[in-house]
Structures are given as structure tokens and as C-alpha cells.
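The structure under discussion appears below in the form of C-alpha cells.
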Amino acid sequence: MAATRLTEPQAGELGPTGRPYPAFSNPEPLLEHGPARIIAVCNQKGGVGKTTTTINLGAALAEQGRRVLLVDFDPQGALSVGLGIQPHDIEGTVYNLLMERGVIGMDLLPSNIDLSGAEVQLVHEVGREYVLGGVLAPLMPDYDVIMIDCQPSLGLLTINALACANGVIIPLECEYFAMRGVALLMETIEKVSSRLNTKLTIDGLLATMYDSRTLHTREVLSSIVNGFGDKVFHTVINRTVRFPDATVAGEPITSFDAGSLGANSYRELAKEVLERWRQAGDDHEG
Ligand code: ADP
Ligand code: MG
């Protein structure tokens, strides 16, 4: 049985995904900001780590000097609540998290349950798939990364996110049935990229809630890697109670428990993501 992983794997070792773990270079500091790369964090299954990934990858990118805007695009408003913000108070405005939560370089566009009403109304709009893109367009020069926390469905709100995104990050929980529904998600992404948004690509699949002590999470992870190969991030997020604890505290784990494995995993993911964008050649950071 594999030993419990208490630290990040070292470069050159076999990583949890069964591939040699690369050394991610430290990202270059940015000399100027924008235009933003838009990332949809998407999986129609609930409870897989979309909101947790949006908050903590966002915070880790902000630590790297990136200007980050988080968009709460789930009517349940879990992203706003996870950052200690009552979404009803501040609807429709960009919210500076430094002011309230001490998070430097990260802003929030909150939402609330009214969004589900918006979804019904949107159905009748001309260009209904592009409404979010229109809202975000004027904000793009101010940010390096805009991350959209999608709702757990493939409805019109999620289509709006995919229709304006450059990349999709798909969190997958390392549990049985993780792959259930992924084919449908991939089909939807394909359709959006051929019909609505040709710039859309899959930035990567992220294995979450991994526990190296249990055979079944290791099996699920290897089946994810078998299915999706290099699209799967080398970085894997372990299952730890520090994530729900951080949610209750209304903070990213990178500040709530700055030295924890969970915080460091999201920092590794930030480096891996920045490296992927640089290699794909559409990193405005040059
Ligand atoms: P989603 O947005 O996909 O519905 P969440 O990010 O809200 O999923 O996560 C669902 C629940 O699981 C939350 O209570 C969250 O705190 C918890 N959670 C997320 N990631 C982890 C993890 N790596 N380890 C343990 N619990 C986690
Ligand atoms: Mg969520």
C-alpha cells in the first residue's frame, strides 16, 4: 500500500497520477496586467470541488502576482459564502476582497439565487449564450485571470460561461462514478467550441479529494489518467478536512492554513496552470 502523502511529490519521483512528477518553474513576475484569460471551472456533478478550486487556485494565482477576478455563477452562491461574503448585500458589483477578507489581488463578482430566475429569462434573449461574455468584456483589461465558478448543471448559465471562456478546468472527485457524466460534459464542450466559441480549450482535469491510503481512490485516479492522459494535471488535491474548515472560516486555504498540504497543492496547481498557458502560447504574459 502506498504511503500517505504528507508533502508534495518531488520532481522526478513518480507522482500520484503514475507519471514522473515534473518541476514546475516559478512563474515570471508580470510587468503589466490584462487582458484576462477566462477560465470556466466546470462539472455538472455537484460536490466535486469546483467552488473550492475556484477560490484556492484563484488565491494561489493572486499570490503569484496575478490579478484575479472570481465570478460566482452558481445561484446557490457558495463561492461568495466561502469567501465570507453574503451575496445578497452586494449584488451586481465587483467586490474587492482585500477590503473585507484581506486577500490581495483578488476580486469577486458575487451572485445569488436570482441568477436562477435570470436563467429562465435568458432563454428568450437574442444572443442568450453571450450575456456573461458581454458583462465580463469591460472587466478584461483589469485582470490577468477571470475564473467562473459554474453551477452543477449543463444549463444556460454554464453554456454562457463556456461561450466566453478561453479554457475549462474540470475537477473530478476521486470516487467511484467520478467519470459518470464526463462524456456528456466533453460533448457539451465540443459543441460549444464548434458552434459558439472556437477559442475554447480544455486546460485540464483536476483530481480532487484524493486519498492515497485507499485503493479505490488510487484506482479511480488511474482510470482518469487512462481516459484523459496528459490532460490530467500532475497536481492532485488530497482529501482533507482543512478545506471545509476554510470554507466555514470564509477564507482561501492559502491564508487559513498557509503551510498546509492543501494550500501547497493549490500553489503547485497555479504553477502548473501558468506553465500550460505559457506552453500553449496564449499566455499574454509572454
Ligand atoms: P462543488 O462546487 O463542485 O459543488 P465544493 O468545492 O463546494 O464542490 O466541495 C464540496 C464539499 O467538499 C465542500 O464542503 C468542500 O469544503 C469539500 N471539499 C472540497 N475539496 C475538498 C478536499 N480536497 N478535501 C476535503 N473536502 C473537500
Ligand atoms: Mg460549487
Check: Which helices, counted as full DSSP H runs in the chain, have an axial Cα extent of no less than 15 Å and a Kyte-Doolittle average of -0.5 or above?
Finding: 50-63, 182-195, 215-228
Notebook entry, point to check: How far apart, in nm, are the 7 Å Cα→Cβ label points at Ile104 and Ala23?
Noted result: 2.7
Notebook entry, point to check: What does a probe at Ala258 reach in region 26-65, counting residues whose amide N is under 16 Å from the point 7 Å along Cα→Cβ?
Noted result: 59-65
Check: What does the helix-only formula give at 222 nm for the chain: each DSSP H stretch with n ≥ 4 adding -39500 (n - 2.57), the total divided by the residues, and the result rounded to the nearest 500 deg cm²/dmol?
Finding: -11000 deg cm²/dmol
Check: Leaving out same-chain residues fewer than 8 places away, which lysines sit with a Cα under 18 Å from that of Lys199?
Finding: Lys191, Lys231
Item checked: Choice from Ala263, Ala60, Ala137 showing the highest fluctuation, given a GNM over the chain with Cα pairs closer than 10 Å -> Ala137
Check: How big is the antiparallel share of DSSP beta bridges in the chain, given as a percent to the nearest 5?
Finding: 10
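In terms of the Cα gyration tensor, with a ≥ b ≥ c the square roots of its eigenvalues, is region 215-286 rounded because a/c is under 1.5, prolate because a/b exceeds b/c, or oblate? All intermediate terms of the calculation are to be shown ahead of the outcome.
Numbers: a/c = 3.05, a/b = 1.16, b/c = 2.62.
Oblate.
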Check: If you take the alpha carbon radius of gyration of region 37-279 and divide it by 2.2 N^0.38 Å, what ratio comes out, to two decimals?
Finding: 0.95
Next item on the list: Describe numerically, in nm with one decimal, the distance between label points set 7 Å from Cα along Cα→Cβ at Met179 and at Arg213.
Entry: 2.7
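Rule-based calculations on the coordinates, nothing more; no lab input. Source: prediction; values computed, not measured. Quick reminder, even Gly has a Cβ in these numbers, built from the backbone with ideal geometry, and neighbours come from all protein chains shown.
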